[in-house]
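K.L.:
Quick one: structure below, then a few questions.
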Amino acid sequence: NTDSNTLDDYEEGTWTMALTCSGSGTITINTSNDTGHYTKIGRMVHCVGYFNVSAISSPVGRLNISLPFTPATLAEGGTAFASMGLHGLVSNNAVDTIGEIGEGAAFIDVYMADSNDFASDSAQQIDTGTDGRLSVSYLA
């Protein structure tokens, strides 16, 4: 069938999540808790994951969480938001994080609420023992 709505791509799999900092420093995930799971149907990707931080070295900037596929670049913008929770942060503040998936970059940008705006300092809030859970859907 040549109909453009025909299901032509279905895939289930895993990817090894990585945490990086937009500034400097490193964040290491426990290798027993670093595997995310995804389902890809056509261009739509749905991911879930859990991670636990085993070590940090002076993280600075925004926390970035890797994704299994690069998000699509769309004509009128196509950012998506990740549903996520972080626990065991330096400030113990787990309710004001937001994950944004931008176009063309295979990671989630994690922002922390700071007064009335989102700040790019979430990497500094990550500590040894921080754990995170995420669920996100986006177009690849």
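The values are calculated or read from the model by the stated rules, or taken from the named source; none is laboratory data. The structure presented is a predicted model; accordingly, all values stated were derived computationally and were not measured. Please note: Cβ atoms are built from the backbone with ideal geometry, for glycine as well, and neighbour counts cover all protein chains shown. Quick note on the areas: whole protein, heavy atoms, side chains included, nothing else; ligands and nucleic acids left out. Shrake-Rupley method; radii C 1.70, N 1.55, O 1.52, S 1.80 Å.
K.L.:
Quick check: is even one residue across the stretch 36-44 modelled with pLDDT of 95 or more and within 18 Å of Thr128 (Cβ to Cβ)?
P.N.:
No - not one qualifying residue is present in the stretch 36-44.
K.L.:
Further, regarding this structure: Of all residues in the stretch 100-140, which are under 11 Å from the mean Cα position of the chain (by Cα) and of a type in the set (S, T, N, Q)?
P.N.:
Ser135, Ser137
K.L.:
In addition: For Ile29, which of the numbered conditions (1) within 23 Å of Ala113 (Cβ to Cβ); (2) open to solvent by less than 30 Å² (accessible area, probe 1.4 Å); (3) at pLDDT 95 or above; (4) not aromatic (Phe, Trp, Tyr) fails to hold?
P.N.:
Failed condition: (1).
K.L.:
Can I ask one more? Restricting the stretch 1-17 to residues that are open to solvent by 80 Å² or more (accessible area, probe 1.4 Å) and either aromatic (Phe, Trp, Tyr) or part of a loop (DSSP other than H, G, I, E, B) (or both), which is modelled with the highest pLDDT?
P.N.:
Tyr10
K.L.:
Does the stretch 92-106 contain any residue that is on the phi < 0 side of the Ramachandran plot, at pLDDT 85 or above and open to solvent by 60 Å² or more (accessible area, probe 1.4 Å)?
P.N.:
no
K.L.:
Those residues that are touching a Phe, Trp or Tyr at 6+ places or on another chain (Cβ under 9 Å) and under 26 Å from Asp127 (Cα atoms), I need them from the stretch 25-44; list them, please.
P.N.:
Ile29, Asn30, Asn33, Asp34, Thr35, Gly36, His37
K.L.:
In addition: Give the residues of the stretch 62-84 that are of a type in the set (Gly, Ala, Ser) and modelled with pLDDT of 95 or more, sorted by residue number.
P.N.:
Ser66 - this is the single residue of the stretch 62-84 that is of a type in the set (Gly, Ala, Ser) and modelled with pLDDT of 95 or more.
K.L.:
For residues that are in contact (Cβ under 8 Å) with a residue 40 or more places away in the chain and among the aliphatic types (A, V, I, L, M), tally how many sit in the stretch 27-43.
P.N.:
Number satisfying all stated conditions: 1.
K.L.:
Working only within the stretch 18-68, note down all residues that are closer than 22 Å to Asp96 by Cα and outside any strand (DSSP E or B).
P.N.:
Ala18, Ser22, Gly23, Gly61, Arg62, Leu67
K.L.:
Considering each residue of the stretch 112-140, count those that are part of a loop (DSSP other than H, G, I, E, B) and touching a residue at least 60 places away in the same chain (Cβ under 8 Å), and give that number.
P.N.:
8
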